[in-house]
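Every read-out reported here was derived from the displayed coordinates using simple, explicitly stated rules and does not represent laboratory data. What you are looking at is a predicted structure, and each value in this text was computed from that prediction instead of being measured. Cβ placement follows ideal geometry from the backbone for every residue including glycine, while neighbour counts extend to all protein chains displayed.
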Amino acid sequence: MRLSRVLALTTCALTALAGASSAQAASITGAGSSFAAPLYDAWAASVKKAGGPEVNYQSVGSGAGQNQIIARTVDFGASDAPVAGAKLAANKLYQFPTAMGGIVVIVNIPGVKSGVLKLNGATLAGLYDGSITEWDDPRIEALNPGLKLPDSDVAPVHRADASGTTFVFTSYLSKVSPNWKQKFGASTSISWAGGAGARGNDGVAASVKATEGGIGYVEYAYANRNHLTVTELEDHDGEYVKPDIGSFTAAAKGADWAHADHYAVDLLDGPGKGAWPIVAATFVLVPTNPTNATQARAVKDFFTFGLEKGDSDALALDYVMLPASVKSEILAGWPK
């Protein structure tokens, strides 16, 4: 009887320890940027396989990501639109970049193959401000001699949610088109001239794919994943470039990290041979005053894994990784 009692007590103790260990097993939540969603999903799978925390990431758009981390309803927020220093301080947040990537223009024009149509900043702004309504408009034809363009309506698609991708796209248009800057400006959400709205990069990609005459802007991974038709764009030096890891990397070389306020680098329409003109960093926001030390440590473990061991995942999705010096600075500056 005594041995049975000892065995029973031992079994109960081991069960209790296992339960406690399971309860303490890290499971963290993040929300925000759909631009970064493919990367964080890939990192989550890799870190889980390596025995790290389980990560539940919700691709709800940068605006929602900022709001949710400010409300502390998630463990980390993600945004392609960097948050200003004063707002970071007021909400006790630490902001850092995780990768850089290209935003591309996608179209659905009968007879036009991927990588053939050429656009510049002025025509792209015209396609979204309502001044260019037909695909055979003389301004587009002038950039594409020899390319047969149909006499069909332009169907612009934009993000319906508060979006960092929209912030980057409209910031680019504001930089290359004075008319756009004056009438529409740059923000995560603007009053569009027309067209249809869709939620998330995946929603825009699906909408353009289903709409003849459609045009949209998405993170490159979504264009690749959905086999969409991408355009060339005129770079800062007046040359036309294709969107790929080479042109994204060329643009990323212009990042002035040393003078970027809270890492908010400007990579739009930068100089450099073959530099894609719409490249941006994507950011993460974490509390500087976490209330749960276990959760905070798991978040740091996740992003430490991504920054130190996640390059292969990022490159497979055509993101450009940060310089090693910036990664080290991010981890060194992490809230204690």
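Side notes on the structure shown:
- Cα Rg over Rh - the range 102-279, Kirkwood: 0.94
- Computed E for Lys113/Ala89 - FRET, C-beta separation, R0 41 angstrom, nearest 0.05: 0.25
- Given charges at Cβ of Lys, Arg, Asp, Glu: the chain dipole, positive-most of Thr133, Pro82, Val116: Pro82
- Calculated mean residue ellipticity at 222 nm for the chain: -12500 deg cm²/dmol, from DSSP H runs with n ≥ 4 weighted as -39500 (n - 2.57), summed, divided by the residue count and rounded to 500.
- As a rough footprinting exposure proxy, the listed residues Arg159, Arg297 were ranked by other beta carbons within 10 Å of their own, and the order from fewest upward is Arg297, Arg159.
- Note that the range 92-98 has calculated 3J(HN,Hα) couplings of 6, 10, 10, 10, 8, x, 10 Hz, one per residue in order, obtained from phi through the Karplus relation 6.51 cos²θ - 1.76 cosθ + 1.60 (θ = phi - 60°); glycine and proline are x.
- Residues Leu117, Leu317 arranged by fewest to most Cβ contacts within 10 Å: Leu317, Leu117
- Computed log10 I(q)/I(0) for the range 177-336 at 0.14, 0.18, 0.20 Å⁻¹: -0.94, -1.33, -1.43, from the Debye equation with unit scatterers placed on every C-alpha and solvent omitted.
- Length added when fully stretched, Trp334-Arg72, from 0.36 nm per residue minus Cα-Cα: 92.5 nm
- Hypothetical label at Ser187: residues of the range 116-138 whose amide nitrogen lies under 19 Å (7 Å Cα-Cβ projection): 128-130
- Descending by average beta-carbon neighbour count within 10 Å, the peptides 235-241, 93-99 line up as 93-99, 235-241, the highest first.
- For the chain, the longest principal axis of the Cα atoms and the long axis of helix 37-49 meet at an angle of about 30 degrees.
- Three semi-axes describe the equivalent ellipsoid of the range 236-294; taken as square roots of 5 times the Cα gyration tensor eigenvalues and ordered largest first, they are 32, 12, 8 Å.
- Normalised by 2.2 N^0.38 Å, with N the number of residues, the alpha-carbon radius of gyration of the range 166-213 equals 1.25.
- Of Leu228, Ala155, Pro97, farthest towards positive along the dipole that unit charges on Lys, Arg, Asp, Glu beta carbons give the chain: Pro97
- One equal scatterer on each Cα of the chain, no solvent, Debye formula: the resulting log10 I(q)/I(0) at q = 0.08, 0.09, 0.14 Å⁻¹ is -0.41, -0.50, -1.06.
- Under a Gaussian network description of the chain, with springs only between Cα atoms under 10 Å, the residue in Ser171, Ser152, Ser79 that fluctuates furthest is Ser152.
- Cα long-axis angle, helix 2-24 against the chain (0 to 90 degrees, to the nearest 10): 20 degrees
- Once the C-beta distance of Gln58 and Asp136 is scaled by a Förster radius of 30 Å, the resulting FRET efficiency is 0.10 to the nearest 0.05.
- As an equivalent ellipsoid, the range 60-178 spans semi-axes of 37, 14, 12 angstrom, where each value is the square root of five times an eigenvalue of the C-alpha gyration tensor, largest first.
- As a proxy for reagent exposure, Leu307, Leu233 were ordered by neighbouring Cβ count within 10 angstrom, fewest first; the result is Leu307, Leu233.
- In this entry, the range 91-143 is assigned a mean projected area of 6.4 nm², taken as a quarter of its C-alpha convex hull surface.
- For the chain, relative contact order (Cα pairs under 8 Å, six or more residues apart, normalised by length) works out to 25 percent.
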